[in-house]
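> Below you'll find the structure I mean.
The values are calculated or read from the model by the stated rules, or taken from the named source; none is laboratory data. Nothing here was measured: the structure is a model prediction, and the numbers come from that model. Cβ placement follows ideal geometry from the backbone for every residue including glycine, while neighbour counts extend to all protein chains displayed. The area values use the complete protein model at the heavy-atom level, side chains included, leaving out ligands, DNA and RNA. Shrake-Rupley method; radii C 1.70, N 1.55, O 1.52, S 1.80 Å.
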Amino acid sequence: MQASRAIIHLDNFRYNMEAARSKAGKKVCLPVKADAYGHGALSISRIAIEAGAEYLGVATVGEGLELRAGGITAPILLFAQALPEEIPSIVSAGLSPFISDPEFAQMLDSGAEQLNKKGKVHLKIDSGMGRNGCRPEAAADLAGKIVNCRNLILEGTATHLSVSDSENDDDMAYTKEQLCKFNDAISSIRDAGLDPGIVHAANSGGLVFHEDSYFDMIRPGIFCYGYSPSDKLLPAKPVMELRSNVTVIKQVKKGEAISYGRTYITPEDTFIGIIPLGYSDGLSRRLSGDHLVKIGEDRYPIVGRICMDQCMLNLGPGTKVKRGDEVTIFGPGYTDLNDLSAKLNTIPNDLACAISKRVVRVYKD
């Protein structure tokens, strides 16, 4: 068994999925991009479909192809813009890309025609994210161009909310403005005699704070992986736990330097424990000297700089820790990624996605 591993608590994942479905009462598209936020895209996709997800979402064509190669037949939305040379793969794999402009729609139509296939697409509207998507006032025109493509099917229309996870008054107002623009764009498509298909906008923030963002389908990402923008309104249970084992215990004298840069000098004779987990595994180097791990019921500080593949713990002058003892870095029932992200001025998504693939995933029910 490899020492460093990410335990994926599937019971908590299912709980979060059910909480999202029950809250919204709509179709669910689960984002599984970035290896399902570090949780393992193929395994999580299978569980999500069993739990009722109708759609999956990826960011790259390669991610979609990986799911298809793993036997996933559910509809897969391609969120980010692909390159023209990736169009044959998109069509062949039956991925449903977001379309933001007529030129890409035409290229996709031609690619589908060459393969004698029909491609399902979702029109993307930029209501204020400032990223992919057409302007709201151009939505009806783009919808018309898509519908006129002989080999494309307009399956849905979407937007993305940029500050829906914030309760700040200005941010709440901005989200309302985004939804107003999106609603107007949807109305313009319908007024043109066109069907926008499945209308969707709600991410995790939309799920929790903005019921008017639900439309026909929700796309709750980080919520399903265990982190809610408001546990008071809609709690979520953390899904990932990061563990390792003590592989070395050595006694050092007072005044000895530990790790690169000599940033930590032992204040007394003590025992140092080493675990095979470092920043290449996703343990942020910024946590050097600023995090307590759990061994049994006790807490021990990481000392010195976190290395690429290892980090050191001060076990104290009279330690009871033994070689092979299990170490919890974060997870349910202990420090979670909300705590760590607040310390590092980032978000849980960032830290979960950072756990590298060389850390084995262990799925626990």
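> With a 1.4 Å probe and all protein chains kept in place, how do ARG68, ARG358 rank by accessible area, largest first? Before the final figure, lay out each step's value.
Details: ARG68 60, ARG358 115 Å².
Most to least solvent-accessible, the answer reads ARG358, ARG68.
> I've got another one for you. For a quick check, take a GNM of the chain with Cα springs below 10 Å and name the residue from ALA112, ALA48, ALA342 with the largest mean-square fluctuation.
Maximum among the listed residues: ALA342.
> I'd like the antiparallel share, as a percent to the nearest 5, of DSSP beta bridges with both residues in the chain. Please report the intermediate quantities before stating the final value.
Numbers: 27 of 57 bridges.
If we restrict to bridges inside the chain, about 45 percent are antiparallel.
> Pick the calculated Cα Rg over 2.2 N^0.38 Å for this structure from (1) 1.14; (2) 1.07; (3) 1.39?
So the structure-derived entry is (1).
> When the convex hull of the Cα atoms of region 231-365 is projected onto a plane and the area is averaged over all directions, what value comes out in nm²?
Details: hull surface 35.9 nm².
Over every viewing direction, the Cα hull of region 231-365 projects on average to 9.0 nm².
> 7 Å from Cα along Cα→Cβ at both ASN148 and LYS322: what's the point-to-point distance in nm?
Modelled inter-label distance: 7.7 nm.
> Next up: Dipole magnitude of the chain about its Cα centre, charges +1 at Lys/Arg Cβ and -1 at Asp/Glu Cβ only, in debye to the nearest 20?
With only Lys, Arg, Asp and Glu charged at Cβ, the dipole is about 1300 debye.
> Which lysines, on any chain, are close to LYS232 with Cα under 23 Å apart, when same-chain ones fewer than 8 places away are left out?
Leaving aside lysines fewer than 8 places away in the same chain, those within reach of LYS232 are LYS23, LYS26, LYS176, LYS343.
> Now, a different point. Using the alpha carbon gyration tensor of region 96-179, what are the three equivalent-ellipsoid semi-axes (square root of 5 times each eigenvalue), largest first, in whole Å? Present the calculation step by step, with values, prior to reporting the outcome.
Details: eigenvalues 186, 24, 15 Å².
Gyration-tensor ellipsoid for region 96-179: 30, 11, 9 Å.
> Charges only on Cβ, +1 for Lys and Arg, -1 for Asp and Glu: so what's the dipole of region 166-305 about the Cα centre, in debye to the nearest 20?
On the way: 16 positive and 20 negative charges, 212 e Å.
Value, rounded to 20: 1020 debye.
> Continuing with this model, one more query. Would you list, by chain and number, the aspartates and glutamates whose Cα falls below 14 Å from the Cα of LYS33, excluding same-chain residues fewer than 8 positions away?
In chain and number order, the partners are GLU63, GLU66, ASP350.
> Find the relative contact order for region 51-170 and round it to a whole percent, using C-alpha pairs within less than 8 Å whose residues are 6+ positions apart.
Working: 199 pairs, mean separation 24.3, N = 120.
So the answer I get is 20 percent.
> Summarise the accessible area of the chain (1.4 Å probe, protein heavy atoms) by the percent that is carbon and sulfur. Walk me through the numbers before you get to the answer.
Numbers: 7710 of 15860 Å².
Carbon plus sulfur share of accessible area: 49 percent.
> Enumerate the amide H contacts of GLY119 below 5 Å, restricted to partners 5 or more residues apart or on another chain; note that Pro and chain-start residues carry no placed amide H.
Under 5 Å from the amide H of GLY119: LEU152, ILE153.
> Could you order THR60, THR175 by accessible surface area, starting with the largest, using a probe radius of 1.4 Å? It would help to have the intermediate numbers written out before the result.
Numbers: THR60 65, THR175 0 Å².
Greatest to least solvent exposure: THR60, THR175.
> Then there is this: List the trypsin sites (Lys or Arg not before Pro) within region 146-236 that fall in a DSSP loop (any state other than H, G, I, E or B) and whose Cβ has at most 13 other Cβ atoms within 10 Å. Show your work: numbers first, answer last.
Details: sites: ARG150, LYS176, LYS181, ARG190, LYS232; in loops: ARG150, LYS232.
Answer in residue order: ARG150, LYS232.
> Here's another thing I want to ask about it. With a 1.4 Å probe and all protein chains left in place, how much accessible area per residue does region 120-160 have, in Å²? Please report the intermediate quantities before stating the final value.
Working: 1690 Å² over 41 residues.
Accessible surface, normalised per residue, equals 41 Å².
> Right, here's the next one. How much of ASP309 can a 1.4 Å solvent probe reach, expressed as accessible area in Å² and rounded to 10?
60 Å²
> So what is the accessible area of region 254-365 per residue, in Å², with the probe set to 1.4 Å? Display every interim value, and only then the final one.
Working: 5620 Å² over 112 residues.
Using a 1.4 Å probe on heavy atoms only, each residue of region 254-365 averages 50 Å².
> For the chain, what does the relative contact order come out to in percent, with C-alpha contacts under 8 Å and a separation of six or more?
Values: 811 pairs, mean separation 65.8, N = 365.
Rounded, it is 18 percent for the chain.
> Angle, helix 169-191 long axis vs. longest principal axis of the chain, Cα atoms, 0 to 90°, nearest 10?
Result, in degrees: 30.
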